[in-house]
Amino acid sequence: MAASSRNRSYRIAVASGKGGTGKTTVALNLAAMFGEPLQLADCDVEEPNVNLFLRCDQVEATEVTMLVPEVDQQRCNGCGACGELCQFRGIVAIGTRALVFPELCHGCGGCALVCLTEAITERPHRIGTISAGQSGAIRLIEGRLEVGVSLVPPVIRAVRDGLMDGIPAILDAPPGTSCPVVATLRESDYLLLVTDPTPFGLHDLKLAVALARELNLACGVVVNRAGEDLVGLYGYCRSENLPVLLSLPDDRQIAEITSRGDLVARVLPEYGLMFAELAEKLKQELGTTGGTP
């Protein structure tokens with residue numbers, strides 16, 4: 001698959017059908033062994049943890065906001081048109097008053113459009129932050145969702161918008177296959193799916209593959225905690241023409257090193273070589289041996 005022809009370098013998303021497969025571990029160690037300047041985007045904005053390992057100095061956080069309605073009660077006649085339009089109950093009419101619930105609002109602006117008395121205007125409402133920092137050759141962009149906010153995709157889109165042109169990027173996606181994952185994968189050039197040889201791992205890998213095909217994304221597989229395949233994981237990958245790009249053994253050392261906040265690719269040379277080879281495979285798949293698509 002060729003990298004995107006737009007004015008940017010390629011983007012590799014690392015995802016999994018479920019949590020706990022080692023997705024962030026793979027993204028971090030791949031970034032550490034990539035061999036060239038790289039951007040690493042932590043798109044798991046509900047629980048960002050990449051910087052626990054990179055420990056980079058981050059610049060002051062930038063607010064992520066969305067427009068939510070504000071009601072002039074003197075103009076509002078309580079007609080209820082705004083509440084009838086809003087499917088998320090972000091605004092409701094009670095008696096002669098319209099009440100706004102910013103945490104439920106999706107920022108569509110429809111309520112202001114249907115208000116005949118022009119009682120509704122829009123104001124910025126903080127839903128998260130974006131921060132960036134540098135750790136060696138890795139530029140980290142981290143998104144963090146505000147406590148109590150449920151609308152995740154706008155913060156993830158802000159993380160993607162913070163990526164610089166001309167530098168390859170790895171995007172560490174949230175777990176699962178829901179809207180936050182879709183928001184992460186959009187505009188990516190390749191999807192690296194992390195799984196394990198368990199019934200849940202295989203089941204959720206199938207869901208992730210279906211999503212990748214819906215988005216027309218080429219993908220490959222990393223098998224973590226590889227051992228005896230009792231569920232037919234490798235057979236499924238062969239039948240679906242999914243390349244298994246790396247198999248990581250079920251090695252206690254990986255857990256011990258990761259629990260200390262270190263990267264196994266930097267501590268153990270044999271794992272460093274594995275992730276360096278994975279990086280080269282991805283560059284070849286994307287039709288490049290450097291940072292230019």
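If the only charges are +1 at each Lys and Arg Cβ and -1 at each Asp and Glu Cβ, what is the size of the charge dipole of segment 89-176 around the Cα centre, to the nearest 20 debye?
So the dipole magnitude of segment 89-176 works out to roughly 160 debye.
Taking the Cα centre of segment 209-293 as origin, sum charge times position over the Cβ atoms of Lys and Arg (+1) and Asp and Glu (-1), and report the length of that vector in debye to the nearest 20.
Charge dipole, segment 209-293, about its Cα centre: 180 debye, nearest 20.
Take the chain, connect every pair of alpha-carbon atoms lying under 10 Å apart with a spring to form a Gaussian network, then pick out the residue of Leu233, Leu40, Leu116 with the largest mean-square fluctuation.
Largest GNM mean-square fluctuation: Leu116.
Charges only on Cβ, +1 for Lys and Arg, -1 for Asp and Glu: so what's the dipole of segment 56-140 about the Cα centre, in debye to the nearest 20?
140 debye
Order these peptides, 265-273, 189-197, 176-184, by their mean beta-carbon neighbour count within 10 angstrom, highest first.
Descending mean neighbour count gives 189-197, 176-184, 265-273.
What FRET efficiency do you get for Asp72 and Glu277 if R0 is 51 Å and r is their Cβ-Cβ distance, rounded to the nearest 0.05?
Calculated value: 0.25.
For the chain, list the cysteines whose Cβ sits under 4.7 Å from no other cysteine Cβ?
Cys43, Cys56, Cys76, Cys79, Cys86, Cys105, Cys108, Cys115, Cys179, Cys219, Cys237
Tally up the carbon and sulfur contribution to the accessible surface of the chain as a whole percent, 1.4 Å probe, everything protein left in place.
Within the chain, the accessible surface is 52 percent carbon and sulfur.
With a 1.4 Å probe and all protein chains in place, put Arg213, Arg238 in order of accessible area, largest first.
From most accessible down to least: Arg238, Arg213.
For the chain, what does the accessible surface come to per residue with a 1.4 Å probe? Please give it in Å².
48 Å²
Report, by chain and number, residues whose modeled amide H sits under 5 Å from the one on Ile170, excluding near sequence neighbours (fewer than 5 apart, same chain).
Answer set, sorted by chain and number: Ile12, Gln39, Leu40, Ala41.
Tell me, what is the FRET efficiency for Ile94 and Glu122 to the nearest 0.05, using R0 = 22 angstrom and their Cβ-Cβ distance as r?
My answer for the efficiency is 0.60.
With unit charges on the beta carbon (Lys/Arg positive, Asp/Glu negative), name the residue among Pro197, Ser178, Gly227 whose Cα is farthest towards the positive pole of the charge dipole of segment 169-232.
Ser178
Against the longest principal axis of the chain, how steep is helix 269-285, in degrees 0 to 90 to the nearest 10, with axes from Cα atoms?
Between helix and principal axis, roughly 70 degrees.
As a check on your grasp of the helix formula, calculate [θ] at 222 nm for the chain: sum -39500 (n - 2.57) over DSSP H runs of n ≥ 4, divide by the residue count, round to the nearest 500.
-8500 deg cm²/dmol
Mind giving me the nanometre distance, one decimal, between the label points for Asp251 and Arg238, set 7 Å out from Cα along Cα→Cβ?
For the pair Asp251/Arg238, the computed spacing is 2.6 nm.
Add +1 for every Lys or Arg and -1 for every Asp or Glu among the other residues with Cβ under 14 Å from the Cβ of Cys86, and state the total.
Here the count lands on -2.
Counting Lys +1, Arg +1, Asp -1, Glu -1, what net charge surrounds Gly227 among other residues with beta carbon under 12 Å of its beta carbon?
Net of charged neighbours comes to -4.
If you take every DSSP beta bridge whose two residues both sit in the chain, what share of them, in percent to the nearest 5, is antiparallel?
50 percent
Amide H to amide H under 5 Å from Gln134: which residues, 5+ apart in sequence or cross-chain, H placed 1.01 Å off N in plane?
Asp57, Leu140
The values are calculated or read from the model by the stated rules, or taken from the named source; none is laboratory data. Here the structure is a predicted model, which means the values were calculated and not measured. Using ideal geometry, Cβ is built from the backbone for each residue, glycine included, and neighbour counts are taken over all protein chains shown. Keep in mind that these areas ignore ligands, DNA and RNA; they rest on the heavy atoms of the full protein, side chains included. Shrake-Rupley method; radii C 1.70, N 1.55, O 1.52, S 1.80 Å.
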